[in-house]
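Taking it in order: structure first as structure tokens, then the write-up.
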Amino acid sequence: MVNLTNKASSLKEIVLSQDERSKNAHREIFFFGEDAYVMAGDGILNLLISISESDRDILKLHISAGWENILMVALWKTDRPTIGNVFSLLRNAGIKTEELFRFRNSDINDLFPWLYYGKRFNVLRKICSLAKSHAESQLKDKNIRIECHLVSEDTSRIIASSL
């Protein structure tokens, strides 16, 4: 059962934020009240699963998080994704295998700057959309709608979204 604060217990729409930066990035665009935000840290996927299994009447969840947490939701993995997992996801998002070859021995976080500074925002949006659709298909409560927002650590802003 999910342990949400009492202030968020009656809301129909909440935001799972990775950290204060992700929360503030979301608030710049959506103007939700302070009580709508639940800090999840790096446990966004676990919290998402527990909310789905709770008896709460949530209609919509926003996920506001950085690269690694969005990848975890898109891949539905509670542990850190491997470079192979991320390659598979990126190929599904439209990246050619030969473009990824130089990253075969890299950390998954090395891919984000390549996409962001290479202005591959269409790929970042597809990853957010894949996270949204995968999460909605995996949740026990099929009535919950999800929106995923990718926050850049460099700019502290949402740079891609499933909207």
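The values are calculated or read from the model by the stated rules, or taken from the named source; none is laboratory data. Everything numeric in this text was worked out from a predicted model, so none of it was measured. Glycine also receives a Cβ, built like all others from the backbone with ideal geometry; neighbour counts cover every protein chain displayed. To get the accessible areas, we keep the full protein, side chains included, count just its heavy atoms, and leave off ligands, DNA and RNA. Shrake-Rupley method; radii C 1.70, N 1.55, O 1.52, S 1.80 Å.
Things to note:
- Apart from one condition, residue 37 fits all of (1) touching a residue at least 12 places away in the same chain (Cβ under 8 Å); (2) open to solvent by 20 Å² or more (accessible area, probe 1.4 Å); the exception is (2).
- Flag not set for residue 125, criterion: assigned to a helix (DSSP H, G or I), over 19 Å from residue 163 (Cβ atoms) and of a type in the set (D, E, K, R).
- Failed item, numbered, when residue 61 is tested on (1) open to solvent by 10 Å² or more (accessible area, probe 1.4 Å); (2) outside any helix (DSSP H, G or I): (1)
- Among residues of region 86-100, those that are polar (S, T, N, Q) and open to solvent by less than 10 Å² (accessible area, probe 1.4 Å), counted: 0
- Listed by first and then second residue, the pairs linking a residue in region 41-70 that is over 14 Å from residue 23 (Cβ atoms) and small (Gly, Ala, Ser) to a residue that is open to solvent by 10 Å² or more (accessible area, probe 1.4 Å) and modelled with pLDDT under 95, with Cβ atoms under 6 Å apart and 6 or more places separating them unless they lie on different chains, are 50/2; 52/140; 52/141; 54/1; 54/2.
- Of all the residues in region 35-58, those that are modelled with pLDDT of 90 or more and part of a helix (DSSP H, G or I) number 2.
- If you filter region 77-120 down to residues that are in a loop (DSSP other than H, G, I, E, B) and of a type in the set (D, E, K, R), you find that the one that is nearest to residue 48 (Cα to Cα) is 77.
- Among the residues examined, residue 153 does not qualify as within 12 Å of the chain's Cα centre (by Cα), closer than 15 Å to residue 65 by Cα and either among the aromatic types (Phe, Trp, Tyr) or open to solvent by 10 Å² or more (accessible area, probe 1.4 Å) (or both).
- Matching residues, region 66-85, being open to solvent by less than 50 Å² (accessible area, probe 1.4 Å) and over 14 Å from the mean Cα position of the chain (by Cα): 83, 84, 85
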